[in-house]
Amino acid sequence: MGTLSHAIAPKLAVPCHGLSSSKPRILRSNSTRTASAARSRRVFAGIKSQNPPIDFSDPDWKSKFQSDFEKRFNIPHITDVFEDAQSIPSTFCLKMRTPVTEEFAGGYPSDEEWHGYINNNDRVLLKTIYYSSPTSAGAECIDPDCTWVEQWVHRAGPREKIYFKPEEVKAAIVTCGGLCPGLNDVIRQIVITLEIYGVKKIVGIPYGYRGFSDKDLAEMPLTRKVVQNVHLSGGSLLGVSRGGPGISAIVDSMEERGINMLFVLGGNGTHAGANAIHDECRRRRLKVAVVGVPKTIDNDILLMDKTFGFDTAVEEAQRAINSAYIEAHSAYHGIGIVKLMGRSSGFIAMQSSLASGQIDICLIPEVPFHLHGPHGVLRHLKYLIETKGSAVVCVAEGAGQNFLQKTNAKDASGNIVLGDIGVHLQQETKKYFKEIGIPADVKYIDPTYMIRACRANASDGILCTVLGQNAVHGAFAGYSGITVGICNTHYVYLPIPEVISYPRLVDRNSRMWHRCLTSTGQPDFE
């Protein structure tokens, strides 16, 4: 097996800007693609590739597409490898208030009359809008006629039958990547739910995947008493890091420790690593459940309404934006610049701009822009200074990277190290106004680490709680190589490969981006 950094490097096969970029597309020749874009034909299939592509002349293409979709979104199960794996009645039943004991007197507790279980055949509709035309705002279509095809994914929640005996489980939790509000909330809820099932051996792996190989890092025993109040502070009880040992070394460590449930909290790269661990466990025929919980403050995981930490980030960003507004509004020809998170996706910048109502210019990675020229950002800033007397700019960290010198340097997760667009924009703004002889007072604020380190707000707290619970339910139900998320307000299980092919992006033709443009009043900077 290769090193973990290769396994978790994000697959950035990003669709071309200008198309609806929240889902993959069928790639065509340049001439065809140009004509198609002109006609606004949005080709959506919710799939990473079509090889061969759909033959729309086939009268049965719709049923074939649905069949292919069901195969790809069929979530892996223990019985795929262990056909003779025996299920037992679930030890999770909220009608039974007494603690589960080691003796399990009278067999495993269950109550068939309790209607709190999810049937394995329950599904959630992935797409709920019927687009009547490919030219509709934000239209996501399978074919050029925007035909409606139902796409169902698996509903998350406790099952009546489980495939692990709680007294035989050793569960481990690991948090990888950067900090994000809500990590402690998810850790806490995983531990609490495991104990309700009757699990006695729960450990935390310190400092991400690194904790599997570093002999100086001992696993942390976790109980409800240990995690009871961890959600009251930000950060991660277990610590975080990027990169780590090879997949084979991680699975070796899991075998040595006797871990048969692994809960992985992280983003696209971390999930790719979790999927590789799942595959290696299957190759070795280990009865192990690997379940991911998507953690990305950027909200850039495919197919999900949102990821935990995002709402908190948008709320916390209001403080920085308001400070920039006050600085700009109080100064003569004041200009406030706020840089927010968003390596390849501008969701935080867009939503924060909408929420504040104080932003005049919002710049995101998905929408190219010019700084100079008659339609550039700087010319519009001049207009704002002349008409309003001040201006506030919100820019995502991944925006405008074409203006900065590329180093090709990468971090431990395989992410390209970005240049600082905030500092560049500040410098170019000062230079521009000095050259045209107009005084300007430019203030720059970067609240990144203040936002990442704060505790989750109420909205994220609820999301984290339910995600943590459903992660445990999925593992006990015998699923592995899955992640849990929220889709159309319902909680679902998705196979990891389907959500990590590339980052989810802001669709520049979506109603939400149009709403942001309406709020800021900014022109087209291309």
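The values are calculated or read from the model by the stated rules, or taken from the named source; none is laboratory data. None of the values given here were measured: they were computed from a predicted structure. With ideal geometry, Cβ positions are generated from the backbone for all residues, glycine too; neighbour counts draw on all protein chains shown. These area figures cover heavy atoms from the full protein model, side chains too; ligands, DNA and RNA do not enter into them. Shrake-Rupley method; radii C 1.70, N 1.55, O 1.52, S 1.80 Å.
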I want the local charge near Glu255. Using Cβ-Cβ distances under 13 Å, sum +1 for each Lys or Arg and -1 for each Asp or Glu among the other residues. +3
For the pair Ser330 and Lys161, what calculated FRET efficiency results from E = 1/(1 + (r/R0)^6), where r is the Cβ-Cβ distance and R0 = 60 Å, to the nearest 0.05? 0.40
I want the local charge near Arg282. Using Cβ-Cβ distances under 15 Å, sum +1 for each Lys or Arg and -1 for each Asp or Glu among the other residues. -1
Computed label-point distance, nm, for sites Phe82 and Lys215 using a 7 Å Cα→Cβ extension: 3.2
What is the sum of charges around Ala317, taking Lys and Arg as +1, Asp and Glu as -1, for the other residues whose C-beta is under 13 Å from the C-beta of Ala317? -3
With n ≥ 4 as the cut-off for DSSP H runs, can you work out [θ] at 222 nm for the chain, using -39500 (n - 2.57) per run divided by the number of residues, rounded to the nearest 500? -9500 deg cm²/dmol
Among GluC sites (Glu not before Pro) in region 104-207, those in a DSSP loop whose Cβ has at most 12 other Cβ atoms within 10 Å are Glu112, Glu113, Glu150
Given Phe65, Ala453, Tyr207, which one lies farthest toward the positive end of the charge dipole of the chain, if we put +1 on the Cβ of every Lys and Arg and -1 on the Cβ of every Asp and Glu? Ala453
Round to a whole number: what % of the accessible area of the chain belongs to carbon and sulfur, probe 1.4 Å? 50
Expected output is a single nm value to one decimal: the length gained when fully extending between Ser132 and Trp61, i.e. 0.36 nm times separation in residues minus the C-alpha distance. What is it? 23.7 nm
Where both partners of a DSSP beta bridge lie in region 103-251, what percent of those bridges are antiparallel, to the nearest 5? 50
How much accessible area does Arg159 have with a 1.4 Å probe, in Å² rounded to the nearest 10? 10
Given the Cα-Cα distance of Leu517 and Ala458 and 0.36 nm per residue of separation, how much length would full extension add, in nm? 18.4 nm
Calculate, for the chain, the solvent-accessible area per residue in square angstrom, rolling a 1.4 angstrom probe over the heavy atoms of the protein chains. 43
Expressed to one decimal in nm², the mean projection of the alpha carbon convex hull of the chain is 26.7
Out of the DSSP beta bridges found with both residues in the chain, what percent are antiparallel (nearest 5)? 35
Only Cα pairs under 8 Å and at least 6 apart count here; give the relative contact order of region 147-272 as a rounded whole percent. 35
